[in-house]
Amino acid sequence: METATPPRATSNSKFKPTVAAAIVIANMIGTGVFTSLGFQLLEIQSGFVLLMLWVVGGVTALCGALCYAELGAALPRSGGEYNFLSRIYHPMAGFISGWVSATVGFAAPTALAALTFGSYFSSVFPALSPLWLASALVVLLTVVHRTSHASSGKIQSILTVLKLVLEYKKNKRPFLATLP
């Protein structure tokens with residue numbers, strides 16, 4: 001089997017480590033703390049059980065990340081899942097995975113995050129429609145992300161700091177300090 005040399009990324013096409021960390025932090029706070037945690041707290045009354053649930057989820061995510069890292073090292077070519085499934089199983093598996101990722105895997109979490117934003121924002125300003133706010137947010141961030149890596153990274157970092165401040169102000173202390 002031939003191995004292709006991966007293309008070299010230019011310094012303009014890379015995100016700084018701080019931006020990468022901001023993306024991970026924002027995803028955890030946005031989907032984990034602001035949305036799903038409230039539902040978990042309704043059903044699970046034990047802080048220990050809740051923390052263990054997050055630990056198991058974190059270990060599972062780490063295992064998945066390590067598997068992707070191994071696959072990326074073994075099959076060095078751009079394309080991610082498409083490349084892996086096409087080369088390991090069949091090109092049709094990669095094609096189907098690509099379409100499912102594009103239509104559901106990426107679009108659904110984006111829509112959920114935007115609708116959550118719209119819902120929270122319209123609770124402060126009831127005259128505004130959550131659906132229109134969500135749509136405007138997706139369009140606005142698409143425009144920002146299309147301009148350059150630098151502007152995309154800056155807005156990501158700013159929004160992550162905003163999320164951290166809101167979480168801190170909401171609890172007046174860090175999240176883990178609220179667990180019994």
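Given R₀ = 35 Å, what would the calculated FRET efficiency be for Val161 paired with Ala61, taking r from the Cβ atoms and rounding to 0.05? For Val161 and Ala61, the calculated efficiency is 0.90.
Applying the Karplus relation 6.51 cos²θ - 1.76 cosθ + 1.60 with θ = phi - 60° to segment 138-153 yields 3J(HN,Hα) values of 4, 5, 4, 5, 4, 4, 4, 5, 7, 6, 6, 5, 5, 5, 5, x Hz, where x marks Gly and Pro. Here the extension length gained between Leu53 and Lys169 equals 39.3 nm, from 0.36 nm per residue of separation less the Cα-Cα distance.
Of the chymotrypsin sites (Phe, Trp or Tyr not before Pro) in segment 76-166, the ones in a loop by DSSP (not H, G, I, E or B) with at most 12 other beta carbons within 10 Å are Tyr89, Phe106. Residue order for Glu167, Glu70, Glu43, fewest other beta carbons within 10 angstrom first, comes to Glu43, Glu70, Glu167. Extending 7 Å from the Cα toward the beta-carbon at both Gln45 and Ser135 defines two label points whose distance is 4.4 nm.
Listed by Cβ neighbour count within 10 Å, with the fewest neighbours leading, Arg87, Arg146 appear as Arg146, Arg87. Here Lys154, Lys163 are placed in order of increasing Cβ neighbour count within 10 Å, fewest first, which gives Lys154, Lys163.
We did not get these values from a lab; they are worked out from the coordinates using the rules stated. For clarity, every value in this text was computed on a predicted model and none was experimentally measured. Note that we place each Cβ from the backbone using ideal geometry, even for glycine, and neighbour counts take in every protein chain shown.
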